[in-house]
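Below: the structure, in structure tokens.
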Amino acid sequence: SKEGIELFSVPSERADEGSITKREKREFLIQGATSFQAILPDGSAAFVHRPEKGIFKLNLGHGATSDTANPFLQDTARVQIMAVSPQGSYVLTWERAKEGETPNMKVWNTATGALVIGFRQKALSRDAWPYVQWTNDEKFAFVMGTNEVRVYPGMFPQGAETRFVDKMRIPGISSMSVPSDSKGALRILFTSFCPKDKTKPARASLYEYPAKAPVPPNANYPPIMTKSLFQAEEMKVYWSPKGDSALIALQTTVDTSGESYYGSTSLFLMSPLEKDTIAVPLPQEGPVLDVAWMPNPTKPPTFAVVAGKMPSMTSLHNGNDGKATFLFGNAHRNTIAWAPHGRFVCLAGFGNLAGGMTFWDRNKCKQIPPASPVTAS
């Protein structure tokens, strides 16, 4: 809230629900206005930006204490955005560069607060953020630049003197995506998006690193597959739990047919096991509102999609061929949330919708009857 950062805990077992007691007074980890925050993957700490002060580290362990008087990351008052690496070893920050100042995009050690390495990144596009993306094991860090992606050792062992180990030429690249949250990947995949220019349509491409064959100097890095779409203006990528397939949502801000206020979206499935990109058949036309893979990597790949004009249609799809396997029906929904084990899924309508939620058993393809209507306020 505007008053500060509060920490709440919830019981992990149903039997412990009776132990919840109402707080007599509000307990703040840090008081005062905050701009944004990021939590480490293991939940041990949160990094919070305070206007005109900088980024503070708040330890979240039971009985843990934090320094709320002095910023943990020095000289970070002007930072506008940050991101955390997959294993929580590093925080990436960006701030508007002052004239003659370099670097303005920095990698910090989350344990010590030390500056590891910095880069020069003049402009910020939130669609392209973060410009540095690690593989899940943090072995490699991919850094996007003008017309290229550079690969660094993920730990930057020589600090600011660390040199890149590889460079991939991708003319026109404006955003990339590495499956940073996907565990156990057998190969390193990543995607790129290149907007249209005067002679070429927009392109979404899937790559493997390293390439199977040596790439000559100054040659373009070879994609596994590419999907071209003239009207596409931006791309969202949804990686499978294993990081071996990607759902690509190519979006336009304006629907030339005039049917949708939100523009139009085309959804494609890219996998190195296929010869070509698969257009995901959606049971109802209209904008794609949400996409989410079933998160359990031990189960056959499955994903759900909410699409279409309200009341939208939510559908379940085979993760190998993209075909719909079950329809949840029409409702005012725009959000999908899976349980970690992948059996249960919540379909909800948040934001400008009323907040209604329904829960489904994916194994039985049946709705779980609520004791009373479930609505988020």
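What to note about this one:
- Cα-based shape type of the stretch 20-95, given that a ≥ b ≥ c are square roots of the gyration tensor eigenvalues and the cut on a/c is 1.5: oblate
- Percent accessible area from carbon and sulfur atoms, the stretch 39-143, protein chains only, probe 1.4 Å: 47 percent
- Placing pseudo-labels 7 Å out from each Cα toward the beta carbon at T226 and S44 gives an inter-label distance of 4.4 nm.
- The value of relative contact order for the chain, using C-alpha pairs under 8 Å at least six residues apart, is 6 percent.
- Only alpha carbons enter this Debye calculation for the stretch 74-143, each as an equal point scatterer, and the log10 of I(q)/I(0) it gives at q = 0.16, 0.17, 0.28 Å⁻¹ is -0.52, -0.59, -1.47.
- Selected from S175, W129, Q158, residue furthest toward positive end of dipole (the chain; charges at beta carbon): S175
- Along each principal axis, taking the top coordinate minus the bottom one, the Cα set of the stretch 84-206 gives 48, 43, 24 Å in descending order.
- Under a Gaussian network description of the chain, with springs only between Cα atoms under 10 Å, the residue in E24, E208, E52 that fluctuates furthest is E24.
- Efficiency of FRET between F8 and R78 - r from beta-carbon atoms, R0 30 angstrom, step 0.05: 0.45
- Once the Cα gyration tensor of the stretch 1-154 is diagonalised, semi-axes √(5λ) in Å: 32, 19, 13
- With a simple spin-label model that places each label point 7 Å from the Cα along the Cα-to-Cβ direction, the separation between S35 and K212 comes to 4.6 nm.
- Furthest towards positive pole of dipole, N220, Q80, T265, structure part the chain, Cβ charges: N220
- Radius of gyration and maximum dimension Dmax of the stretch 185-229, Cα, Å: 12.0, 38
- Angstrom value of the Kirkwood radius, inverse mean 1/r, which spans all Cα pairs in the chain: 22.9 Å
- Three-way shape call for the stretch 307-351 based on the alpha-carbon gyration tensor, with the a/c threshold at 1.5: oblate
- Across E274, E233, E99, mean-square fluctuation computed from a Gaussian network of the chain (C-alpha pairs under 10 Å connected) peaks at E99.
- Taken over the C-alpha atoms, the stretch 57-106 has Rg and Dmax values of 13.5, 44 angstrom.
- Take the chain with all the other protein chains still there, run a 1.4 Å probe, and you get 55 Å² of accessible area per residue.
- Only Lys, Arg, Asp and Glu carry charge here, each on its Cβ (+1 for the first two, -1 for the last two); on that basis the chain has a dipole of about 360 debye about its Cα centre.
- Share of Cα-Cα pairs in the stretch 144-268 lying beyond 25 Å, as whole percent: 31 percent
- Distribution of pairwise C-alpha distances over the stretch 164-204, 5 Å bins, in %: 6, 17, 23, 20, 17, 10, 5, 2, 0
The values are calculated or read from the model by the stated rules, or taken from the named source; none is laboratory data. As the structure is a prediction and not an experimental result, all values here were calculated from the model. Note: ideal-geometry Cβ built from the backbone for every residue, glycine included; neighbour counts use all protein chains shown. Just the protein is used for accessible areas: all its heavy atoms, side chains included, with ligands, DNA and RNA removed. Shrake-Rupley method; radii C 1.70, N 1.55, O 1.52, S 1.80 Å.
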